[in-house]
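**Student:** Got a structure for you, questions after.
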């Protein structure tokens, strides 16, 4: 009996965004889950300054240890992605190689798992690069990735699809520099408190909850340290935070997971970066304690949000549930946190799909889909 050919998976992680460390943690979980009996694995780190570097595929060093976040090892050989219409490969160059030197090794690649969060990765940039190389990859294509990364564009598409949201204002760099008074007037119409967010960052990086009009400018400037484009949202008070995973099944159809709830512990106003990753600040309740009809409606809205952006592969959709029963869509992530304790793997585990099977499903979907226009 002829053994099936092993699939070579390149796991790409790190990146130039402020979510570099969380990408490393997510990648560690993916590397741990990939069955070496079925896959040849290549680990590729993208350094904070954008270099592609071959990494040790051992996931052990990619965890959070005593509060210290991991980073891509910058000392490895450099990597170049190459391809033609029939195949794609990576070229490995010695770290101290002379300019113009030939690669020391060439390795073919079948599929890429881009475990990148935030700009310069999750936002359609690496997806475009992989399309040019003719390489299949896990997750959404260029357009959906870019739209989901920009909260302003995402919200406009959600509104077009008829999904209810909290009122919001999008602030461009040009408007903030040229008409700050006009922007502040628009924000004032939202009332207080408001959430001020970088438009193209995730993991709750750079978000401030503002209770006073005097704090708005400072909060916008703080968000602009991460992104010149900012979104300000009206705060919906006394809500429950509900999340739902979407995964494309073996027939190519998107399916929704069980719902989950984030319950913040006392002392935390919202689910920020520290609460998510560095402190035991929230309880993740899986499945959420919801009436069956309400949970089913959340799943339906998750699929509508997934389709509104043209997503593929996977996504996590986040909602606010108000005291009067309204379900407001907050955002959708095309590459949600993928650590073993992240919400997306947990809701699928509760739905009957363990972490290694989830990773297998995503790789198989990418191979089945192939590259090219979506």
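**Student:** Restricting the first residue to segment 71-90 and requiring it to be not assigned by TED's automatic domain parsing to the domain that holds residue 18 and exposed (fewer than 13 other Cβ atoms within 10 Å of the Cβ), which pairs with a second residue that is at pLDDT below 85 and outside any strand (DSSP E or B) meet a Cβ separation below 6 Å and a spacing of at least six or different chains?
**Tutor:** none
**Student:** Taking the condition more than 29 Å from residue 194 (Cα to Cα), outside any helix (DSSP H, G or I) and outside the structural domain of residue 23 (by TED's automatic domain parsing), does residue 337 pass?
**Tutor:** Criteria not met by residue 337.
**Student:** Scan segment 6-41 for residues that are surrounded by 24 or more Cβ atoms within 10 Å (Cβ to Cβ), part of a loop (DSSP other than H, G, I, E, B) and out of contact with any strand residue (DSSP E or B) (no Cβ under 6 Å at 6 or more places or on another chain) and report the count.
**Tutor:** 2
**Student:** Looking at (1) touching a residue at least 60 places away in the same chain (Cβ under 8 Å); (2) surrounded by 21 or more Cβ atoms within 10 Å (Cβ to Cβ); (3) under 29 Å from residue 363 (Cα atoms), which is the one condition that is false for residue 134?
**Tutor:** (2)
**Student:** If we keep just the residues of segment 219-260 that are out of contact with any strand residue (DSSP E or B) (no Cβ under 9 Å at 6 or more places or on another chain) and modelled with pLDDT under 95, which is farthest from residue 19 (Cα to Cα)?
**Tutor:** That would be 251.
**Student:** Further, regarding this structure: Please specify each residue of segment 42-57 satisfying the condition of being in contact with a strand residue (DSSP E or B) (Cβ under 9 Å, 6 or more places away or on another chain) and part of a loop (DSSP other than H, G, I, E, B).
**Tutor:** Of everything in segment 42-57, those that are in contact with a strand residue (DSSP E or B) (Cβ under 9 Å, 6 or more places away or on another chain) and part of a loop (DSSP other than H, G, I, E, B) turn out to be 47, 48, 51, 56, 57.
**Student:** Another question about this same structure. Given the criterion under 27 Å from the mean Cα position of the chain (by Cα) and surrounded by fewer than 19 Cβ atoms within 10 Å (Cβ to Cβ), identify the matching residue among 166, 213, 201.
**Tutor:** After applying the criteria, what remains is 166.
**Student:** Being surrounded by 16 or more Cβ atoms within 10 Å (Cβ to Cβ), more than 17 Å from residue 166 (Cα to Cα) and over 14 Å from the mean Cα position of the chain (by Cα) narrows it down to one residue among 294, 303, 314; which is it?
**Tutor:** 303 is the lone residue from the list that is surrounded by 16 or more Cβ atoms within 10 Å (Cβ to Cβ), more than 17 Å from residue 166 (Cα to Cα) and over 14 Å from the mean Cα position of the chain (by Cα).
**Student:** Spot the failing condition for residue 185; the list is (1) free of Cβ contacts under 8 Å to residues at least 40 places away in the same chain; (2) surrounded by 13 or more Cβ atoms within 10 Å (Cβ to Cβ); (3) not assigned by TED's automatic domain parsing to the domain that holds residue 329, and only one is missed.
**Tutor:** With respect to (1) free of Cβ contacts under 8 Å to residues at least 40 places away in the same chain; (2) surrounded by 13 or more Cβ atoms within 10 Å (Cβ to Cβ); (3) not assigned by TED's automatic domain parsing to the domain that holds residue 329, residue 185 is out only on (2).
The values are calculated or read from the model by the stated rules, or taken from the named source; none is laboratory data. Just so it is clear, the model here is predicted, and its values are computed rather than measured. All Cβ positions, glycine included, derive from the backbone under ideal geometry; neighbour counts span all protein chains shown.
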